[in-house]
1. Give the separation of the Cα centroids, segment 245-261 to segment 266-302, in Å.
2. Helix 14-25: angle to the longest alpha-carbon principal axis of the chain, degrees 0 to 90, nearest 10?
3. If you wrap a convex hull around the Cα atoms of segment 69-191, how much volume per residue is inside, in Å³?
4. Before anything else, pin down the relative contact order of segment 225-302: Cα pairs under 8 Å, at least 6 apart, normalised by residue count, whole percent.
5. What is the local net charge at residue 152, summed over the other residues whose Cβ is closer than 14 Å to its Cβ (Lys, Arg +1; Asp, Glu -1)?
6. Which percent, nearest 5, of DSSP beta bridges in the chain are antiparallel?
7. Over the Cα atoms of segment 114-160, what is the Rg over Rh ratio if Rh follows Kirkwood?
8. According to the square roots a ≥ b ≥ c of the eigenvalues of the Cα gyration tensor, what is the shape class of segment 224-278, taking rounded for a/c under 1.5, prolate for a/b larger than b/c otherwise, and oblate for the remainder?
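The values are calculated or read from the model by the stated rules, or taken from the named source; none is laboratory data. These numbers were taken from a predicted model, which means no experiment stands behind them. Please note: Cβ atoms are built from the backbone with ideal geometry, for glycine as well, and neighbour counts cover all protein chains shown. Protein only, heavy atoms only, side chains kept; ligands, DNA and RNA dropped before computing areas. Shrake-Rupley method; radii C 1.70, N 1.55, O 1.52, S 1.80 Å.
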Amino acid sequence: MVHAVIAIAGSSGLIGSALVSALRATDHRVVRIVRRRPANADEVFWNPDTGDFDWRALQDVDAVVNLCGVSIGSRRWSGAFKQSLRDSRIGPTEVLADAVVDAGVPILINASAVGYYGDTRDRIADEQSPAGAGFLARLCMDWEAATRPAADAGVRVVLARTGLVLAPAGGMLARLRPVFGVGLGARLGSGRQYMPWITLEDEVRALLFALNHDDLSGPLNLTGPAPVTNGEFTEALGRALHRPTPLLMPGFALRAALGEFAEEGLLGGQRAIPAALEDAGFQFHQRTIGEALSYVTAPNAA
């Protein structure tokens, strides 16, 4: 895909911002789909809450990347917040899927998450694994189902099931580094739940890989090739930051403080592997959690 035009919804988030920079660095034109008044010719307005989007804005676009979605860990899961998690994902995806079909865009890369698999415990989950149980699994199933009109119309749809993204700035590590930095890093519950991680660099590289490989469609796990348990992650982050990690946060305390999010988001996990990516020839720059944490915590990491 040489000098392509890529439209991105959710371009201001952690992944979206990095993807915009990577695309522009390789001479692609990026069209940002924004909820405010456009500031220049490379922005187009939409209001997915009302379905207000002129599909003609996508007529010269080669691919659409949809990264919309409120962060699942930004607050306690009240009924209203769980509805906002659904509304920020499913509605916008429905609007974009229809617009892609109307405009004749050939590729839709749509965000999803490894939460699709539920809590897998020790069971390995690749792209052929079934959906799990729980709120997150149902959310991901409905989120992905919203792309179906595009797939039915012959659009190449990639469902990017992302794990926990490790970045030098922002994301999960922005919350953990201050805690670990003062020696308060702790294993969560039993520590045996899996944490499917990926560095931001490899996340963006994988998205670019998916854009450029016509043989990739359907579910695509965007996770590092060696998932680790929470206990292993805690020890590795402590080593990377040169801090001890002797503490344990009991599961009952997490449940009391965070409710349902603690159960699904912290005390459960997915032993997800990127089978489809690696089968297609993708090469990770950070293959182990040690390599990943050393990379993102290095003083010159950007």
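1. With segment 245-261 and segment 266-302 each reduced to a Cα centre, they are spaced 25 Å.
2. It is inclined by approximately 50 degrees.
3. 137
4. Averaging sequence separation for qualifying contacts and normalising by length gives 49 percent for segment 225-302.
5. Around residue 152, the charge tally is -2.
6. 10
7. Reported Rg/Rh (Cα atoms, Kirkwood Rh): 1.03.
8. Here segment 224-278 falls in the oblate category.
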